[in-house]
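Heads up: the structure comes next, in structure tokens.
Any read-out appearing in this document is the output of simple, stated calculations on the displayed coordinates, not a laboratory observation. In this text, all values refer to a predicted model and were calculated from it rather than measured experimentally. Using ideal geometry, Cβ is built from the backbone for each residue, glycine included, and neighbour counts are taken over all protein chains shown.
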Amino acid sequence: MMEQAKVSAEGSVMQSDSLGQGAADAHSSQTASPTKEPASTPRLAARLHSERLIQRYLWFILGVCINSFGVAFITKAALGTSPISSIPYVLDLAFPPTFGETTFAMNLVYIVLQIVLLRRDFKPIQLFQIVVNLLFSALIDVSMAFLTWLEPATLPAQLASLTLGCVILAFGVSVEVAPNVITVPGEGIVRAIASVTKRPFGSVKMLFDTTLVIIACALSFVFFGYLNGLGAGTIISAFAVGRLCNLFNRHVPLLARIARLTRGTTGAPEEAL
């Protein structure tokens, strides 16, 4: 019996040693082969970023198209052009260049003002506003040609056209600004002023448009001796478009979804590059 007990004890020791060695081998294997992060994760993040960026620029281009169409629609209402285009329109009436060409020249001034206001905060990518300026100015001429059929003859028809034009323009501005990429210079200068003064975009837009109207009125009297190209519609849209922008930004879910495209998976803002 003593021999059997000895053999049993030796077997238990050997089994314990075997289990210990197995545990050590398992631990060594885990240490030698740590869990690796899937190699596809960085590629997936890059792809998602690219997709969001493409969507942002597509929304931006759509906003520019709507914006230019709204400007033309208000102008064709025959009650005075929109405030953002009041100075170019008066210059168009006074000189040979087209409405789109005078708009392009005025927008170059806005780009320079942005650089002066923002200084180091002016991002180099915003120089592409020059390209956007070409697109926006060309689309104004295209929209004016497309709307040759729009000739409201009565005051109610003119007011209806003006109202619809203000809604179109305000929505276009909101869609254009929401992706936070490049803006047309007329809106870019408003964003720059809003950034420096810490004021809401819509409120700054209203004040800025009013200032443009005052300057356009002065130019109209200088060139023609009376108001030409401006009217009640200009004043109405000066106060309406900014308020409509605020209204759209608060109550249109689409704009919030567009704005969320500017956030990465971690919630941090993504550059428009």
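Which FRET efficiency value, to the nearest 0.05, do you get for Ala232 and Leu62 by plugging their Cβ-Cβ distance into 1/(1 + (r/R0)^6) with R0 = 41 Å? That pair, Ala232 with Leu62, gives E of 0.85. Extension gain for Leu207-Thr163 works out to 13.9 nm (0.36 nm per residue, less the C-alpha to C-alpha distance). Peptides 151-158, 251-258, 90-97, 234-241 ranked from most to least packed give 234-241, 90-97, 251-258, 151-158, packing being the mean of other C-beta atoms within 10 angstrom over each peptide's residues. A Förster radius of 22 Å, combined with the Cβ-Cβ distance separating Phe122 from Lys198, puts the computed FRET efficiency at roughly 0.80.
When a/c is below 1.5 the answer is rounded, else prolate if a/b is larger than b/c, else oblate, so apply that to segment 62-112 with a ≥ b ≥ c taken from the square roots of the Cα gyration tensor eigenvalues. Here segment 62-112 falls in the oblate category. In 5 Å bins starting at zero, report the fraction of Cα pairs in segment 131-273 per bin as a rounded %. With 5 Å bins starting at 0, P(r) equals 2, 8, 14, 18, 21, 17, 10, 5, 3, 2, 0, 0.
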